[in-house]
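The values are calculated or read from the model by the stated rules, or taken from the named source; none is laboratory data. Please read these numbers as outputs of a predicted model, since none were measured by experiment. All Cβ positions, glycine included, derive from the backbone under ideal geometry; neighbour counts span all protein chains shown. Surface areas here come from the heavy atoms of the whole protein model, side chains and all, with no ligands, DNA or RNA. Shrake-Rupley method; radii C 1.70, N 1.55, O 1.52, S 1.80 Å.
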Amino acid sequence: MRDMIYVTGHRNPDTDSICSAIAYASLKEQLGFSAVACRIGEINTETSYVLKKFDVQAPLLIENAKCRLEDIDIDTASLISPDLTIKKAWEKITLGKNKSLFVVDDENNLKGVVSMSNISDVQMKDIEQVQELMKTVPLSNITETIEGVLLVTPKNYHCDGEVKIMISRNNNFLDEEFVDSIIIMSDNEELQEKAIDKKVACLIITEDKDVSDKIIQKAIESDVAIITTPYDAMKVARYVYQTPPVSMIMTKDIVTFKITDYVDDVSKRMSKTRYRSYPVIDRKGHVIGAVSRFHLFSYSHKKFILLDHNEASQSVESLEVADVLEIIDHHRIGDIETNSPINFRNQNLGSTASIIATMYKEFRVNPTKEVAGLLCCAIISDTMNFNSPTTTEVDKEIARGLAEIAEIDLDQLAIEMFEAVATLRGLSFSEILYNDFKEYSIEGFRIAIGQINILDIKELEIIRREFVSYMDKINAINKYDLLVMTFTNVEGKGSNFIYMGKLSWVIEEIFEGQKENEVLFAKDIVSRKKQIIPRLSAVLKLA
């Protein structure tokens with residue numbers, strides 16, 4: 001997903017927005033780009049019908065344009081077992097890229113973190129603290145760390161944590177207490193025997209010196225461990241304190257991040273801590289990566305292509321932190337700003353789908369039957385079966401060409417679509433209002449206009465009173481200067497408006513009508529883009 005291009009229409013998407021995104025993402029893929037169709041909101045009834053008809057999945061739903069950790073490059077996690085020795089951990093850190101090791105159990109669940117500071121702390125501890133660590137170190141750790149051979153394995157190994165070196169050939173050492181100690185020594189058999197008599201826990205015989213059968217037998221009888229190693233006494237003494245497992249020194253109070261966390265949120269939390277690397281976990285709590293401050297300073301932002309809109313209020317949230325590569329639209333020029341030049345295609349056609357179909361021709365790429373069918377539906381929907389004043393002869397020509405590819409009849413398709421979805425029955429008030437809902441900033445005023453196609457105006461009268469109350473609540477929350485809901489006749493006869501806000505007078509002025517039962521009918525008005533917005537803008541400029 002690192003180089004993915006997100007192709008999306010506007011918020012509260014209509015059929016043109018969704019189908020154009022699917023078609024253009026497909027075109028980009030065929031041109032060699034990694035692209036995915038997206039949507040900013042739920043799919044309305046009409047679009048659901050269209051997608052089902054052509055057996056096409058709905059685009060990916062996205063919440064905003066922010067990057068999550070899963071969208072950026074992070075390090076592969078260095079995972080270790082809780083039983084790994086300190087020496088092995090130190091080697092992994094010094095030889096590897098990651099400066100933090102993540103301790104996990106058999107099921108990859110995070111148990112702790114080991115860094116160089118954890119290992120250094122062991123070297124700086126008081127001898128009493130180190131001895132406490134050594135008390136529970138298994139013989140296998142000691143044997144592995146000093147590359148030794150365990151000649152005698154005691155039945156009940158018990159160590160007090162003390163480590164002593166006996167390299168002198170006199171017997172002065174025999175006056176000391178050796179019970180349960182680890183003794184490093186050479187091939188002095190007399191000292192070996194005396195040490196066993198002193199009930200030591202373990203004899204480490206250095207420089208691969210031979211151990212006699214007599215000493216081995218005595219060790220077995222006394223339950224004393226014997227390890228031989230090729231290392232000299234000083235090297236053994238240095239390494240023996242690196243034998244405790246990392247579970248004894250790891251940091252257990254761990255700062256973790258989820259792979260779905262936003263990069264901005266991760267950066268804020270990171271600024272309050274001092275670690276060099278942090279574990280990243282998946283939805284099941286398993287460690288899948290490591291992230292550091294470097295990754296947050298150098299990541300690439302998400303890349304977007306915007307279709308069927310070019311106003312920030314209609315686009316994906318947090319668009320300002322993303323890179324916009326292209327805009328393809330058939331509406332008025334809005335207010336989206338970019339950091340660098342982009343391809344901006346704005347044409348006076350009846351739908352964005354018409355532009356996308358044109359681009360297929362320009363790139364000499366044939367759309368699939370499914371894509372051609374989707375584009376046909378999008379054109380029919382946005383032009384109201386070519387009855388909208390936004391319709392051009394180009395739209396009609398493009399639709400006919402797409403219909404041939406999709407092997408469908410345009411007139412029959414329009415009838416099916418409108419009969420199936422041009423109704424308010426079964427829809428919630430939210431689904432009606434946000435069926436095709438856009439926000440605008442015009443002359444400093446906040447304006448929102450929803451639109452839905454209906455065949456039988458009687459359906460509006462049934463829900464009118466309750467729907468007006470619902471709109472009142474929505475406007476009280478959002479505080480629009482003008483909130484409009486447009487119920488448009490699918491045959492192009494006109495639209496019924498329900499509206500509210502301090503700019504309500506504008507609707508009555510631009511359409512020269514009067515409210516009747518809280519509804520204003522405007523004959524032949526069907527296009528938000530070409531008939532409603534331009535008139536609103538003209539009046540508000542003079543207001």
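Being assigned to a loop (DSSP other than H, G, I, E, B) and of a type in the set (A, V, I, L, M, F, W, C) is the filter; apply it to the range 1-31 and report the residue that is modelled with the highest pLDDT. Talk me through it step by step, then tell me what you get.
To start, the set of residues in the range 1-31 that are assigned to a loop (DSSP other than H, G, I, E, B) comprises 1-4, 12-14, 31.
From what's left, of a type in the set (A, V, I, L, M, F, W, C): 1, 4, 31.
Numbers: Met1: 54, Met4: 94, Leu31: 97.
Applying the filter and picking the extreme gives Leu31.
State whether one or more residues within the range 114-124 are open to solvent by 40 Å² or more (accessible area, probe 1.4 Å) and either modelled with pLDDT under 85 or not in a helix (DSSP H, G or I) (or both). So far as the range 114-124 goes, yes, one or more of its residues are open to solvent by 40 Å² or more (accessible area, probe 1.4 Å) and either modelled with pLDDT under 85 or not in a helix (DSSP H, G or I) (or both).
For the range 309-334, which positions are of a type in the set (S, T, N, Q), over 14 Å from Ile62 (Cβ atoms) and in a loop (DSSP other than H, G, I, E, B)?
Within the range 309-334, just Asn310 meets the criteria.
Within the range 7-19, residues that are polar (S, T, N, Q) have Cβ atoms under 8 Å from residues that are in a strand (DSSP E or B) and open to solvent by 10 Å² or more (accessible area, probe 1.4 Å) in these pairs: Thr8/Ala37; Thr8/Arg39; Thr8/Ile40; Asn12/Ile40; Ser17/Arg39, counting only partners at least 6 apart in sequence or on another chain.
Each residue in the range 32-42 was checked for being open to solvent by less than 60 Å² (accessible area, probe 1.4 Å) and in a loop (DSSP other than H, G, I, E, B), and 2 of them qualify. Answer with yes or no whether Lys214 is closer than 30 Å to Leu61 by Cα, in a helix (DSSP H, G or I) and either open to solvent by 70 Å² or more (accessible area, probe 1.4 Å) or touching a Lys or Arg at 6+ places or on another chain (Cβ under 8 Å) (or both). Considered against the rule, which asks whether it is closer than 30 Å to Leu61 by Cα, in a helix (DSSP H, G or I) and either open to solvent by 70 Å² or more (accessible area, probe 1.4 Å) or touching a Lys or Arg at 6+ places or on another chain (Cβ under 8 Å) (or both), Lys214 comes out as no. Looking for something more than 45 Å from the chain's Cα centre (by Cα), over 27 Å from Lys214 (Cα atoms) and assigned to a loop (DSSP other than H, G, I, E, B) - is there at least one such residue anywhere in the range 130-144? Checked against the condition, which is being more than 45 Å from the chain's Cα centre (by Cα), over 27 Å from Lys214 (Cα atoms) and assigned to a loop (DSSP other than H, G, I, E, B), the range 130-144 yields at least one hit.
So, Ala312, is that one closer than 27 Å to Thr15 by Cβ and either of a type in the set (Gly, Ala, Ser) or open to solvent by 10 Å² or more (accessible area, probe 1.4 Å) (or both) or not? Walk me through how you get there before you give the answer.
Values: closer than 27 Å to Thr15 by Cβ: yes; either of a type in the set (Gly, Ala, Ser) or open to solvent by 10 Å² or more (accessible area, probe 1.4 Å) (or both): yes.
When the stated conditions are applied, Ala312 passes them.
Scan (1) under 25 Å from Thr153 (Cβ atoms); (2) open to solvent by less than 40 Å² (accessible area, probe 1.4 Å); (3) not hydroxyl-bearing (Ser, Thr, Tyr) for the single condition Asp232 breaks and write down its number. Tallying (1) under 25 Å from Thr153 (Cβ atoms); (2) open to solvent by less than 40 Å² (accessible area, probe 1.4 Å); (3) not hydroxyl-bearing (Ser, Thr, Tyr), Asp232 fails exactly one: (2).
Of the candidates Lys493, Lys515, Lys458, Lys479, the single residue that is open to solvent by 20 Å² or more (accessible area, probe 1.4 Å), of a type outside the set (Val, Ile, Thr), over 24 Å from Glu42 (Cβ atoms) and touching a residue at least 12 places away in the same chain (Cβ under 8 Å) is Lys493.
Listed residues Phe437, Phe487, Phe467, Phe445; which is open to solvent by 20 Å² or more (accessible area, probe 1.4 Å) and either of a type in the set (Phe, Trp, Tyr) or within 18 Å of Asn12 (Cα to Cα) (or both)?
Working: Phe437 fails: open to solvent by 20 Å² or more (accessible area, probe 1.4 Å); Phe487 fails: open to solvent by 20 Å² or more (accessible area, probe 1.4 Å); Phe467 fails: open to solvent by 20 Å² or more (accessible area, probe 1.4 Å).
Going through Phe437, Phe487, Phe467, Phe445 in turn, the sole match is Phe445.
Filtering the range 380-419 to residues that are more than 30 Å from Gly32 (Cβ to Cβ), of a type in the set (A, V, I, L, M) and open to solvent by 50 Å² or more (accessible area, probe 1.4 Å) leaves only Ile415. Is it the case that the range 85-102 has a residue that's farther than 23 Å from Arg238 by Cα and touching a Gly at 6+ places or on another chain (Cβ under 9 Å)? Yes: the range 85-102 contains one or more residues that are farther than 23 Å from Arg238 by Cα and touching a Gly at 6+ places or on another chain (Cβ under 9 Å). Evaluating Leu60 against the criteria (1) in contact with a Cys (Cβ under 8 Å, 6 or more places away or on another chain); (2) in contact (Cβ under 8 Å) with a residue 60 or more places away in the chain; (3) not basic (Lys, Arg) leaves one unmet condition, (2).
Restricting to the range 347-379, and then to whatever is outside any helix (DSSP H, G or I) and under 31 Å from the mean Cα position of the chain (by Cα), can you tell me which residue is surrounded by the fewest Cβ atoms within 10 Å (Cβ to Cβ)? Don't jump to the end; show me each part of the working.
Just the residues of the range 347-379 that are outside any helix (DSSP H, G or I), to begin with: 347-351, 363-368.
The next check asks that each one be under 31 Å from the mean Cα position of the chain (by Cα); those that pass are 367-368.
Values: Pro367: 22, Thr368: 15.
My answer is Thr368.
Look at Ile462 and say whether it is farther than 24 Å from Ala37 by Cα and among the aliphatic types (A, V, I, L, M). Judged against the criteria, Ile462 is a match.
Listed here are the residues, each with its yes/no results for (1) over 27 Å from Asp16 (Cα atoms); (2) of a type in the set (S, T, N, Q).
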| residue | (1), (2) |
| --- | --- |
| Ser48 | no, yes |
| Ala65 | no, no |
| Ala89 | yes, no |
| Asp121 | yes, no |
| Gln131 | yes, yes |
| Leu139 | yes, no |
